[in-house]
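Following: one structure in structure tokens, then a few remarks.
Each reported figure results from applying straightforward, stated rules to the coordinates on display, with no laboratory input. Predicted, not measured: the structure shown is a model, and the values here were computed from it. Every residue, glycine among them, receives a Cβ derived from its backbone with ideal geometry; neighbour counts consider all protein chains shown.
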Amino acid sequence: MSVTGSKRLLTVVASIAFSLAAGSVQAQTRSETLRYVTGASVNTLDPNIPGSTREAFAVSLSTYDRLVSFGRKQLNGKWVFDLGKITGELAESYEVSPDGLKMTFRLRKDAKFQDGTPVTAEDVKWSLDRVVTAPVLGKAQLLTGSMTSADQFKVIDPLTIEVTLPKPDKLALPNLATVYPIIFNSKVAKAHATADDPWALAWLKENTAGSGAYKIETFKPGEQVIMARNEAWNRGTPDKSAFFKRVIVQSVPEPATRANLVERGDADIVVDLQASDVQSLEAKGKLKVISTPQYNSVTFVSMNNQIPPFDNVNVRRAIAFALPYDDMFKAALFGRGSPLFGATWAEGKPTSGAYPIAQPVKLDLEKAKEYLKAAGMPDGFSTTFSFNVGQASTAEPMAALVKESLAKIGIKIDIQKLPDAQMSTQINEKKLPFFTEGIVAWLPSTDYFYRNFYTGNQRWNYSSINNPELAEIAQKARFEPDAAKYEEDGKKLNAIHFSEIPQIPLWQPSQDAVMASSVEGYTYQFHRQVDYRDLNRK
């Protein structure tokens, strides 16, 4: 069968699956059903399970509530989540003590779990105890907000819970708005716990016990999820449940098939199309395309600072001025995103304490050759350049341009396209000398980026940079309450980063949400997935 024929078959199969799904939910009208397609899959109903996909995160946001959630703001005319605005979800109100060591949450009196039982402070405590005690993903996340022990969560009365901190931490409250600290119906969860599994991890992976906007109706791991609206949920507006009666989330691996489905109206929204497909659909003008630079994300070229010759800062500087940035940006993303190159820094100093900021680098082969000469390698060297096969659509054309440009200064590149698991393992074991990857911070503050991606002997320190001054400033900034001092700390960190060039920020890719013209309310979220509760149909 031809490739074209295969794509047509996939389209037909996906369309049939949608039709069957619609039939199974008692023929709800098309306008009342939101159909979302993704190249990935939902593999668990509990986002805390190691290996959870981002698509699983999105489902959990709709099936569970948290104490608080992020507000939203306009960024260059697009709606994005707002780290600085925290609103109540299960919490009717909250307050932070003047010394920053105590957060008190008062629960909504009308909040109920999906089985009709009230949400209590005991349920909140059990859920937060679980996220810092059980072997789950949330444990490391809440650590970034100084929440590490069950002793920090105290029930004051049936509708009030108190969280204490060892020292003021600006990321404590935002951490409670991430996907992990979801609130479980503790009685239901405990009923399915065992001596070997006291936190009911196994049962909650395939079942829910929440209070969220949607109930799980069908869950086929890796294939499809169908959710039905929880009519009692009113956390979206003071008096209204979520808009759509049902949400269908379906895995459709072929990008062209996903594009066809949304173009034909068989799907309502998709956020993981190839840039070329997005550009084509946008040009036709029939669909709504909302392109939002992922302001909490960075794509970079990284060099392992502990492996020769990349342990030499002048080698890293040479590469920084030998990359064909404009051509890479066009080839990889069709220019869809926010570039992080080509900046001008007055007097060579960072213009902001924010991270990331555009770097003062551009293609300058003569300067690159000077740095190579200063490194004692005027004739260049040979190395490998690796990328994840899952990112081939953007990384492969970029890698070809990197190879071509570096050859002009004597650096010979052998391109390695590695399977996802192999790439992850080699990054974890610090074996890759030169590669491209991306980072995402759910809580995009400057100190969070630097602490998590540029310090310590841990996986996310891709470049293996070991700069004591940077680590000290980043840790200090974490607990700096004064905004002006925090800004100065950020500028110092950005200055060190550019001086050391452990890796080279390239751009913030756009999140291209392609949707039916009737769909409204889309907001770019911290986990780079759709929050189904935001959406409605006009």
Inset, instruction - Grab the DSSP H runs of the chain that are 4 residues or longer, score each as -39,500 (n - 2.57), total them, divide by all residues and round the 222 nm result to the nearest 500 deg cm²/dmol. - result: -9500 deg cm²/dmol
Inset, instruction - Taking amide H positions as placed in the peptide plane 1.01 Å from N, state which residues far from PHE381 in sequence (5 or more) or on other chains have amide H under 5 Å from it. - result: ILE411, LYS412
Legend entry - Computed Kirkwood radius, in angstrom, where 1/r is averaged over Cα pairs of region 480-538: 15.4 Å
Inset, instruction - Could you tell me the convex hull volume per residue, in Å³, taken over the Cα atoms of region 41-158? - result: 146 Å³
Legend entry - Cα-derived Rg over Rh, computed across region 374-529 with Rh taken as Kirkwood radius: 1.02
Legend entry - All Cα pairs of region 335-407, percent lying beyond 18 Å: 60 percent
Legend entry - nm² value of the averaged projected area, convex hull over the Cα atoms of region 93-245: 10.0 nm²
Legend entry - Share of alpha-carbon pairs per 5 Å distance bin for region 383-459, given as whole %: 3, 14, 21, 19, 17, 16, 7, 2, 0
Inset, instruction - At a temperature of 10 °C and a viscosity of 1.306 mPa s, determine how fast region 248-360 diffuses translationally according to Stokes-Einstein, using the Kirkwood radius over alpha-carbon pairs as Rh; express D in µm²/s, rounded to the nearest whole number. - result: 91 µm²/s
Legend entry - Around TRP199: net Lys/Arg minus Asp/Glu count, Cβ-Cβ under 13 Å: 0
Inset, instruction - Using only the alpha carbons of region 212-308, determine the length spanned along each of the three principal axes and report them from longest to shortest in whole angstroms. - result: 60, 40, 30
Inset, instruction - Kindly give Rg over Rh for the chain, based on alpha-carbon atoms, with the Kirkwood expression for the hydrodynamic radius. - result: 0.98
Legend entry - Amide H within-cut-off set for GLY337, under 5 Å, with H built and near neighbours excluded: SER510
Inset, instruction - Provide the per-residue ³J(HN,Hα) series for region 45-52, in order, calculated from phi with Karplus coefficients 6.51, -1.76, 1.60 and θ = phi - 60°, each as a whole number of Hz, with x at glycine and proline positions. - result: 9, 10, x, 6, 5, x, x, 4
Inset, instruction - Give the long-range amide H neighbours of PHE434: residues separated by 5 or more places, or on another chain, with amide H under 5 Å away, using H modelled in the peptide plane at 1.01 Å from N. - result: ASN304, SER386
Legend entry - Karplus (6.51, -1.76, 1.60) ³J(HN,Hα), θ = phi - 60°, over region 408-418, in Hz, Gly and Pro reported as x: 5, 10, x, 8, 9, 10, 9, 7, 10, 9, 9
Legend entry - Karplus-derived HN-Hα couplings along region 290-297 (A = 6.51, B = -1.76, C = 1.60, θ = phi - 60°), whole Hz, x at Gly and Pro: 10, 9, 10, x, 6, 6, 10, 10
Legend entry - Ordering of 32-41, 384-393 by packing [mean C-beta count within 10 Å, highest first]: 32-41, 384-393
Inset, instruction - Evaluate Rg over Rh across region 171-268, taking Cα atoms for both radii and Kirkwood's formula for Rh. - result: 1.05
Inset, instruction - In whole angstrom, note down how far apart the Cα centers of region 97-172 and region 357-402 are. - result: 46 Å
